Amino acid sequence: MSITRIIAITRKEFIQITRDRRTLIMTLLMPIIQMILLGYAANSDVKNVPLAVLDQSRSSQSRALLDAFRTTGYFVINFEVTSEPDLQRLIDEGQAKTGLIIPPDYGQKVSRGQSVSVAFIIDGTDSSISAGSLAAARLIGQTQSAGMQVQRLSRQASISSSMSSASAIDVRTQVWYNPDMITTFIMIPAMIGLILQMVTSTLSASAIVREYENGTIEQLIVTPVRSWELMVGKLLPYTLIAFADVLEILVLGTLWFGVPIRGSIGLLLGLAALFLVTSLSMGLLISTVARTQREAQTLGMIIQLPSMFLSGFFFPIAAMPQVLQWVSVLVPLKYFMVIIKAIVLKGAGLQLLMPEVVALVIFALVTMVAAALRFRKRLD
């Protein structure tokens with residue numbers, strides 16, 4: 001009967017699946033990983049945005065304004081600076097995503113009931129927080145103004161027309177590097193990092209495993225080719241493909257979408273090469289662990305998903321739970337995202353990017369050494 005044959009084939013397939021336990025375990029783990037990432041990392045709320053403050057007033061009124069920023073939960077005052085250049089440096093380096101400048105006469109004007117302006121600066125290279133920070137800052141200013149006017153009304157029988165016609169606190173927002181907050185300007189540079197990692201790690205992981213599946217790895221081993229020569233020769237084509245993709249995105253993004261490239265293209269390509277070493281080594285490391293191309297692709301996907309969600313590409317890292325923020329430190333793509341946006345949109349130089357460059361160098365050395373050791377051991 002056909003049902004008997006179907007049952008027999010089904011039983012045979014289940015036996016084959018259970019024999020490949022590693023692939024089965026990874027397949028069962030994938031939904032759990034996706035659920036955790038989507039449940040916790042997929043959070044577009046504006047929370048815990050790093051804020052740098054230049055309080056030139058140092059008055060009780062300015063402290064009340066800072067308390068208002070703290071209590072909302074939108075911002076975390078991580079830095080208190082003494083000059084505008086220090087505030088600009090923190091935003092340039094990406095340590096602070098927003099900045100607040102309170103003028104020296106803030107306390108006097110507020111106590112007199114006069115209108116006063118404060119400057120609120122936003123890093124426009126991060127689309128996930130720029131719009132939300134803009135709205136939150138304006139809301140805080142309006143709330144503070146309304147509260148101060150209610151206090152005046154409680155002290156006076158009536159309010160003067162001059163007081164009712166103007167808001168007490170005017171939060172004047174400035175968006176740096178991307179004043180119009182055009183999402184395309186942010187997404188296109190970030191795509192370079194995603195494409196570099198996806199092309200190099202995924203394809204390089206399958207390249208070595210394919211030799212084992214086709215039975216041609218033995219032919220390569222008996223040749224005079226050394227193990228490191230074989231490794232470099234297998235990965236070099238994917239390096240060239242990845243760089244071709246980078247140039248395509250830069251040319252298309254500049255000519256078609258009008259994305260400005262304010263920094264050095266040479267520096268951009270050099271640091272892209274550094275990130276490329278990490279991705280290629282990671283792919284090679286996967287190939288030394290996987291036994292089949294399917295297993296290599298599954299392992300690559302397990303690495304790709306956390307990288308995309310925890311790199312800050314889709315959602316702000318500051319809004320994630322603390323545990324995921326700690327895990328994001330181990331994601332190389334996170335550092336390259338900072339580098340690519342800083343060079344393209346901010347025109348940043350190597351000096352401002354040293355923390356991210358050092359992190360990528362460490363990742364590159366660790367993955368490259370681990371991949372080389374595993375690769376040599378597997379060939380032996």
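The values are calculated or read from the model by the stated rules, or taken from the named source; none is laboratory data. Remember, predicted model here, so these are calculated numbers, not experimental data. For neighbour counting, all protein chains shown are included, and Cβ atoms are generated from backbone atoms with ideal geometry for every residue, glycine included.
Computed quantities for the displayed model
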item	result
Only listed residue being more than 22 Å from Met191 (Cα to Cα) and in contact (Cβ under 8 Å) with a residue 40 or more places away in the chain, chosen from Arg262, Arg291	Arg291
Counted residues, segment 96-144 - those being part of a loop (DSSP other than H, G, I, E, B) and out of contact with any Asp or Glu (no Cβ under 7 Å at 6 or more places or on another chain)	9
Condition broken by Leu305, with the remaining ones in (1) within 21 Å of Lys334 (Cα to Cα); (2) surrounded by 20 or more Cβ atoms within 10 Å (Cβ to Cβ); (3) of a type outside the set (Val, Ile, Thr) satisfied	(2)
Those residues of segment 162-198 which are modelled with pLDDT under 80 and part of a strand (DSSP E or B), in sequence order	Ile169, Asp170
Number of positions in segment 114-123 that are modelled with pLDDT under 85 and surrounded by 18 or more Cβ atoms within 10 Å (Cβ to Cβ)	1
Residue ID - nearest to Ile241 (Cα to Cα), chosen from residues in segment 260-279 that are of a type in the set (S, T, N, Q) and in a helix (DSSP H, G or I)	Ser279
Single residue of Ser117, Ser130 found to be within 21 Å of Arg262 (Cβ to Cβ), of a type in the set (Ser, Thr, Tyr) and in contact (Cβ under 8 Å) with a residue 12 or more places away in the chain	Ser130
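Quick grid of which residues meet (1) hydroxyl-bearing (Ser, Thr, Tyr); (2) part of a loop (DSSP other than H, G, I, E, B); (3) within 29 Å of Arg89 (Cβ to Cβ); (4) modelled with pLDDT of 85 or more:
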position	(1), (2), (3), (4)
Gly258	no, yes, yes, no
Ser281	yes, no, no, no
Arg291	no, yes, no, no
Ile303	no, no, no, no
Trp326	no, no, yes, yes
